[in-house]
Amino acid sequence: MNLILFGPPAAGKGTQAKRLVATRGMVHLSTGDMLRAEIASGSALGKRVAGIIERGELVSDAIVIELIEARLPEAEAAGGAIFDGFPRTLAQAAALDAMLDHRRRPLDLVIRLKVDDQALLERVAGRFAESGRPDDNPESFKVRLAEYNTQTAPLLPYYRGHKKLTEVDGMGSIEEVASSIDAAIETRRA
Ligand code: AMP
């Protein structure tokens, strides 16, 4: 099964994706994690994207599409992927559909985690204090939320139109959100 965990930054996508990896053996494909690994390794790509990410802006579609494409064979071998933080633009969504259709492993489900903006701001303040992730600073986070609202939220009608979208309340505890996600997956499987 291929599914997208969809939602604004700090909605809990990474936490829930890690749990699905542990319980279902799927592969977690987070473009944010891949880009941070490039930065940490000091690669040419990492150097190109570091400033963009720190400011909270989006890196180019071509870069993230290539990163995802390189990992699809691994996901296919594991029986499916959880896409986290990808796609973030309509061009990325179209590219993902084309790549998955080409492999005859189409997208099954898009699970949207709904969390209100005030809760996101509180979560990210806590996360910034804990992890010191540079783009969790209040200025960059504001940019990331704005990018989500202008570039990424328009994917919701796209996936709704393709009958792929399920919405889940992301405001509960980690366990509550996890069981709503499990229910959404089982409903789709049935
Ligand atoms: P994330 O960990 O998903 O919040 O991503 C951290 C940052 O990496 C984002 O704020 C963007 O700068 C960049 N990034 C991650 N995924 C994408 C994507 N699909 N498209 C463009 N930029 C991305």
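The values are calculated or read from the model by the stated rules, or taken from the named source; none is laboratory data. Keep in mind that this is a model prediction, so the values were computed, not measured. For neighbour counting, all protein chains shown are included, and Cβ atoms are generated from backbone atoms with ideal geometry for every residue, glycine included.
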Subset of region 90-136 that is free of Cβ contacts under 8 Å to residues at least 24 places away in the same chain and hydrophobic (A, V, I, L, M, F, W, C) - its residue that is surrounded by the most Cβ atoms within 10 Å (Cβ to Cβ): Phe128
Inter-residue pairs, beta-carbon under 6 Å, first near the ligand (Cβ under 7 Å from one of its atoms) and in region 43-71, second aromatic (Phe, Trp, Tyr), 6+ apart: Val64/Phe86
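Among the residues of region 83-94 satisfying the criterion of being within 16 Å of Pro9 (Cα to Cα) and of a type in the set (A, V, I, L, M, F, W, C), which is farthest from the ligand (Cβ to nearest atom)?
My answer is Phe83.
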Condition check for Asp169: under 13 Å from Gly12 (Cα atoms), modelled with pLDDT under 95 and more than 13 Å from the ligand (Cβ to nearest atom): no
Condition broken by Glu76, with the remaining ones in (1) near the ligand (Cβ under 9 Å from one of its atoms); (2) without any contact (Cβ under 8 Å) to a residue 40 or more places away in the chain; (3) within 20 Å of Met26 (Cα to Cα) satisfied: (1)
